[in-house]
Amino acid sequence: MQHQLFGVRETQNQSHDVYELLICSLDESFSLRVELFSEKKICGKVPKISNPFVINELNRRGIILSDLAYEDCEIDLLLGANVAGLLFMGGSIELESGLFLLRTRLGFCFDWEAGNIW
């Protein structure tokens with residue numbers, strides 16, 4: 001398989017193991033079977049949210065984070081646009097901190113403006 005990075009640079013051909021995975025929401029109300037390709041490293045570490053202002057605002061809005069107990073972590077699963085499109089439900093919430101929460105069938109995912117909100 002040859003990868004294209006940001007629509008510009010192409011990698012050399014690479015072999016990948018192929019896996020089938022069932023991903024589901026925390027409350028198990030939604031599930032989706034996806035085909036995955038193995039990759040030793042997807043990208044760098046993702047910081048956990050530890051900013052008390054952000055955490056308090058999420059709590060006030062009744063939004064539960066599943067990963068507050070974990071340290072910064074590596075990406076274990078990266079979904080392409082073909083899968084992400086099936087997950088997005090529409091609607092977003094902008095927090096006072098500049099953080100955007102995007103509603104998906106698996107819960108919320110984050111997007112943020114430039115700056116350190118973590």
For residues in the range 18-42 being part of a loop (DSSP other than H, G, I, E, B) and within 24 Å of Arg103 (Cβ to Cβ), which is modelled with the lowest pLDDT? Ile42
Exactly one of these conditions fails for Met1: (1) of a type in the set (A, V, I, L, M, F, W, C); (2) at pLDDT 70 or above; (3) over 20 Å from the mean Cα position of the chain (by Cα). Give me its number. (2)
Test for Ser15: is it surrounded by fewer than 10 Cβ atoms within 10 Å (Cβ to Cβ) and either of a type in the set (Phe, Trp, Tyr) or at pLDDT 75 or above (or both): yes
Report, ordered by the first and then the second residue, all pairs with beta carbons closer than 7 Å, sequence separation of six or more or different chains, a first member in the range 54-72 that is in a loop (DSSP other than H, G, I, E, B), and a second member that is at pLDDT below 85 and charged (D, E, K, R). Asp67/Lys48; Leu68/Lys48; Tyr70/Lys48; Glu71/Lys48; Asp72/Lys45; Asp72/Lys48
Does Gly85 qualify as being under 30 Å from Glu35 (Cβ atoms), modelled with pLDDT of 80 or more and in a strand (DSSP E or B)? no
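The values are calculated or read from the model by the stated rules, or taken from the named source; none is laboratory data. Quick caveat, the model's predicted, so the values are computed rather than measured. Neighbour counts run over all protein chains shown; Cβ positions are idealised from the backbone, glycine included.
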